[in-house]
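Taken together, the values in this text are just the output of simple stated rules run on the coordinates, not laboratory data. Values in this document were obtained by computation on a predicted structure and should not be read as measured data.
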Amino acid sequence: MRIIKAIWKFINSQLGLLLLGFVLTTILGAYFTERIQRKARERQVEFEIRRQNFEWERNRKFEILKRKIDDGEKSLEEISDLINLRYFRLHNVFSNILTNDVSSARQNWKEYMETVEIWNVKLIINQNKLARLVSREVSLEFNNYETDIKNLHDPNSIHGEFFIAHNNVLSLLNCLKNPSCIITKKEIQQTNEILRDLDYHTDSFIDKISNLFLQRAYELENFEITPELLK
């Protein structure tokens, strides 16, 4: 009993209160410090998890977009190659006609028509690819169904221009194969102008779709993480 009274008396003394306050302050301080540090660690871990998840998602989307860019570039190259091949083979036939080389004109026309068959099979497919990869406006520059118009004279699509050039060269070829038919200088000049304009417009079109598509690739390459995206 005396021990308890002595302890109680000590606790209520100035020194006892001072020591008790020191002990409580130390214990509570350590408790709150540890709690604050624990919360800070939890927030840091949570932030790191969010950051890693964001980077994983970003990298996943980046890889998907990169594959789409690569596939798109390949598709545009195929369309460009087909445009160039059709023009090249059509112009070969016209060159044969200029030299009255019926045999070569027949053979080259056959090769040209093989390209036309591929062109027609892929026409809508390629139009849809251009709409998806570049824009709908560009796809209509490629084909706007104007060849459905009877007696088309002033085309404003790549397909329409090929349609007119095709018919002009075919008309000259049929005349060349007919001994009684004479090809006039006016017909030669007219077809030459049509092919010249077609050459210019197809080159411009290929450059246009390439440049517009490269803009998308550039935007993708410059996609970066910003602090705002991590919040």
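How big is the equivalent ellipsoid of the stretch 71-230 along its three axes, where each semi-axis is √(5λ) from the Cα gyration tensor, reported in whole Å from largest to smallest?
The three semi-axes for the stretch 71-230 are 39, 15, 13 Å.
How high is the relative contact order of the stretch 71-230, given as a whole-number percent (alpha carbon pairs under 8 Å, six or more residues apart)?
Values: 110 pairs, mean separation 35.3, N = 160.
With pairs under 8 Å counted, the relative contact order is 22 percent.
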